[in-house]
Structures are given as structure tokens and as C-alpha cells.
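Asks: Can you keep this structure in mind? I'll have questions shortly.
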Amino acid sequence: MSDIKSSFRRTLMLRAAALLACGLPAIAMAAGATADTFPSRPIRLVVPFPAGGGTDTLARLVGKNMSEQWGQPVIVENIAGASGQVGMAAVARAEPDGYTIVLGITSFLQAPVLYKNLPYDIYTDFRPLTVVAYNSNLWLVPTDSPLKTLDDLIALAKNDPNKVSYGSYGSGSSSHLHAERFKRQTGIEMVHVPYKGAAPLIADILGGHVTVGLADVSTSAAHIKGGKARVLAVDGNARVAIAPDAPQMKELGYEGFESNGWFGFLAPAKTPEPIVQKLSAELNRIIRTPDMQNTLEILNLRPGGTTPDETAAIMQREGKSWEAMVRDINLTLD
């Protein structure tokens, strides 16, 4: 009897093994088909800032190209709030299937050292896709401002510090950190006025509601070209074409302002790797097209185009650099 049972068990095990062996190729083919047929429905592209800023403009340009290539709508959704944290958190919680991505910016590498209770971890809750472009911040005043140089700003702050304010496109953003570093290096005081993105900041700079503002070059370009804003100085490691006479901070003798901003696409963590690679390849294809290269030049942005792993390495490296800056100026936001 025991021999019959043993034989029966061996038969079942052999059949199970055969079924499993047959099933594995089918499972692999199914997984491949998922990547091959992606996308089969609309993609949600989250911009964690208000409409009208440089991030929003870039997202809509890329989304339009993706939609034309893949024949699926790419729906740009602006989810602003808490210096971009609300939108980023929404993507971190999204289904990791490739149908929700976000266009993040440099400030999300600074946030981990500025905030104790972030609703996400930028390094573990997201899968990097690519860096689309690199940006710089400009120190802006309206053209009717009496300030012509940063020395004028310093003199004004020393003579009447209670009347000097600066606007940034969000607490913890590059514009905020650079202004605070400037205050420490010059010994002046300026009241910080944070905005929910660059577009509302620009509006208040032009309206004279802040003494000076630090805004990204892509959002500022049209207003500079239209003669509504003047550039006092440029952050980053190069002058900008839209204001070629405006000096870099380093040229003026200020150290630690060489870092450039960047725009990077991220997906939720655990997004299947074949879909991650497909999204990254498509985004990089768009970046390399002549039309996009020309658009980035018009926006005064330097083209990116990195693999997911290269993007992850950039985030790790620059995250450490920003952490050092935040600790140097002794800044916390909660």
C-alpha cells in the first residue's frame, strides 16, 4: 500500500513540475507583453507646482510629444502645495504601473534634510527615469526698481533692513537656500516670502511686492525679453543667453552658488523595470529631437538625457551636496 502511495505522490510531483515548467514561459511572455503593449491607456503626469511655471511648461511639452508618439493621452495634473510635497506624495502612493509619473526638481533633494516628517522618501519611494534639463536661478527685480546690482541690494539692506524682502518659489527650494547663503556671506537681513511655484513669484516680483526674487531662468525669460524684469546676478556655473551681461555669483566673489537646478522624471518605486526602461527611453528620445533641443534652448535650459541608473547616481551625489549646504547655513523648516 505504501508503495502505491509513494508512486502516486511521485506522479503528482512530476505532473506539478511539468505544469510549472510549461507555465514559466507563459508567465515570462505575459510580463513581456505588458511592457510591449505599454501604454494602453492615458498616462498621468503630475506637476507638483501651479500651472504656468517652468516645470509646468516643460511637462506639457514632453507630454505632448509622448502622446503623439504613443497614441495615448498624457494628462498633466498640477498638484501644488507644501513646496511640492503634496504632489510628490500623491505619486509615491500611486499604483506602480507606469501610468503615473512626476516631473520633480532640485528641491526634492534638499527636502530630506530640511523637513523631519516628509510624507515620502525621495530615494526609496521613487524610481528615477531621466534628467530632462538643467536650469539656473536668476536674481530679479522689476525694471523700474532702483536696484541695478547686488551691491545696491546689500546697501539697501544695511541702510533699512526692515524694508527688504526676497521671494523664492518655495521654502526649501534652491532659490530659498541660495538667498539664505547670500545673507550669511554678506551679513544682511532680508525677509523671506515663499511662493507656491515660480509663476506666482514672478507676478509679485513684477508688481513690486518683494524687493528681489530668485526665479528659474525658464519662467523668467519671457519677462526679461519683454523688458519687464532685470537680472542682477545668475546662480549656476554659466551665464545665461537671455541676460548675457548679468554676472555669475562666482564672478562677483560669492562662493557656493555654482550648483544648477534640474528637471527630472520619476515613477513610483516598484514600477516594473521593463516599463521604467521604456519610459526612460521615450523621454530621452524626446529630449534628443531637434524640436525639443530648440525648445530647451529657447527656454534657456541645457538638455539632459540620462538613464535611470545615471539619474539615481546624480540624485545621490547632489543630495549630499545640498545637505552640506543646508547644514552650512543652519537651516531647518520644521
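Asks: Region 75-156: D in µm²/s via Stokes-Einstein (Kirkwood Rh, Cα pairs, 10 °C, 1.306 mPa s)? Please report the intermediate quantities before stating the final value.
Replies: Working: Rh = 15.7 Å.
The Stokes-Einstein estimate is 101 µm²/s.
Asks: Let me ask you something else. Can you list residues from other chains, or at least 5 along the same chain, whose modelled amide H is less than 5 Å from the amide H of Ala215?
Replies: Leu138, Leu140
Asks: Using a cut-off of 13 Å between alpha-carbon atoms, which aspartates and glutamates can reach Lys228, once sequence neighbours fewer than 8 places away in the same chain are excluded?
Replies: Asp144, Asp204
Asks: Here is a further query. Of all DSSP beta bridges in the chain, what percent run antiparallel (nearest 5)?
Replies: Details: 23 of 38 bridges.
Antiparallel bridges: around 60 percent, rounded to the nearest 5.
Asks: Once Rh is set to the Kirkwood radius over Cα pairs, what Stokes-Einstein translational diffusion coefficient, in µm²/s, holds for region 142-262 at a temperature of 10 °C and a viscosity of 1.306 mPa s?
Replies: Values: Rh = 14.3 Å.
D, rounded to a whole number, is 111 µm²/s.
Asks: Using 7 Å Cα-to-Cβ label points, what is the Asp97/Arg285 separation (nm, one decimal)?
Replies: In this crude spin-label approximation the distance works out to 2.2 nm.
Asks: Using θ = phi - 60° and the Karplus curve 6.51 cos²θ - 1.76 cosθ + 1.60, what whole-Hz ³J(HN,Hα) does each residue of region 134-144 get, with Gly and Pro shown as x?
Replies: Result, rounded to whole Hz: 10, 10, 9, 9, 10, 8, 10, 9, x, 5, 8.
Asks: Follow-up. Report the Cα-based extents of the chain along its three principal axes, largest first, to the nearest Å.
Replies: 103, 41, 29
Asks: Using Cα pairs closer than 8 Å and at least 6 residues apart in sequence, work out the relative contact order for region 122-273, in percent. Provide the component values of the computation, followed by the final result.
Replies: On the way: 279 pairs, mean separation 57.7, N = 152.
Computed value for region 122-273: 38 percent relative contact order.
Asks: Angle between the Cα long axis of helix 2-37 and the longest principal axis of the chain, 0 to 90 degrees, nearest 10?
Replies: Helix 2-37 and the main axis of the chain meet at about 30 degrees.
Asks: Under the rule of at least 5 residues apart or a separate chain, name every residue whose amide H is placed under 5 Å from the amide H of Val76.
Replies: Leu45
Asks: Taking amide hydrogens as modeled 1.01 Å from N in the peptide plane, which residues meet the under 5 Å criterion relative to Glu258, leaving out close sequence neighbours?
Replies: Residues meeting the criterion, in which the H sits 1.01 Å from N, are Gly236.
Asks: Same structure again: What do you get for the angle between helix 54-70 and the principal long axis of the chain? Use alpha-carbon atoms, 0 to 90 degrees, nearest ten.
Replies: Once rounded, the angle reads 30 degrees.
Asks: Which entries of Lys163/Lys196; Lys225/Lys320; Lys163/Lys320; Lys196/Lys320; Lys278/Lys320 show an alpha-carbon separation above 27 angstrom in the structure shown?
Replies: The pairs that break the limit, which is 27 Å between Cα atoms, are Lys225/Lys320; Lys163/Lys320; Lys278/Lys320.
Asks: Kirkwood hydrodynamic radius, computed over distinct alpha-carbon pairs, for region 207-334: how many Å, to one decimal?
Replies: On the way: mean 1/r = 0.0576 Å⁻¹.
Final number for the Kirkwood radius of region 207-334 is 17.4 Å.
Asks: Could you give the Stokes-Einstein D for region 281-333 in µm² per second, using the C-alpha Kirkwood radius, 37 °C, 0.692 mPa s?
Replies: Estimated via Stokes-Einstein, D reaches 246 µm²/s.
Asks: When the accessible area of the chain is computed with all protein chains present and a 1.4 Å probe, what percentage of it is carbon and sulfur?
Replies: On the way: 8440 of 15380 Å².
Carbon with sulfur: 55 percent of the solvent-accessible area.
Asks: With label points built 7 Å along Cα→Cβ from the Cα atoms of Glu189 and Thr37, find their separation and express it in nm.
Replies: Label-label distance for Glu189 and Thr37, simple model: 6.5 nm.
Asks: Let me ask something else. Kindly state, as a whole number, the per residue volume in cubic angstrom of the convex hull around the alpha carbon atoms of region 61-217. Provide the component values of the computation, followed by the final result.
Replies: Working: hull volume 21.0 nm³, N = 157.
Taking the convex hull of the Cα positions in region 61-217, it is 134 Å³ per residue.
Asks: In Å², and per residue, what accessible area does the chain have when probed at 1.4 Å with the other protein chains present?
Replies: Numbers: 15380 Å² over 334 residues.
Per residue, the chain has 46 Å² of solvent-accessible surface.
The values are calculated or read from the model by the stated rules, or taken from the named source; none is laboratory data. For clarity, every value in this text was computed on a predicted model and none was experimentally measured. Heads up, the Cβs are rebuilt from the backbone with ideal geometry, glycines too, and the neighbour counts pull from every protein chain shown. Side chains included, ligands, DNA and RNA excluded: accessible areas come from the protein's heavy atoms. Shrake-Rupley method; radii C 1.70, N 1.55, O 1.52, S 1.80 Å.
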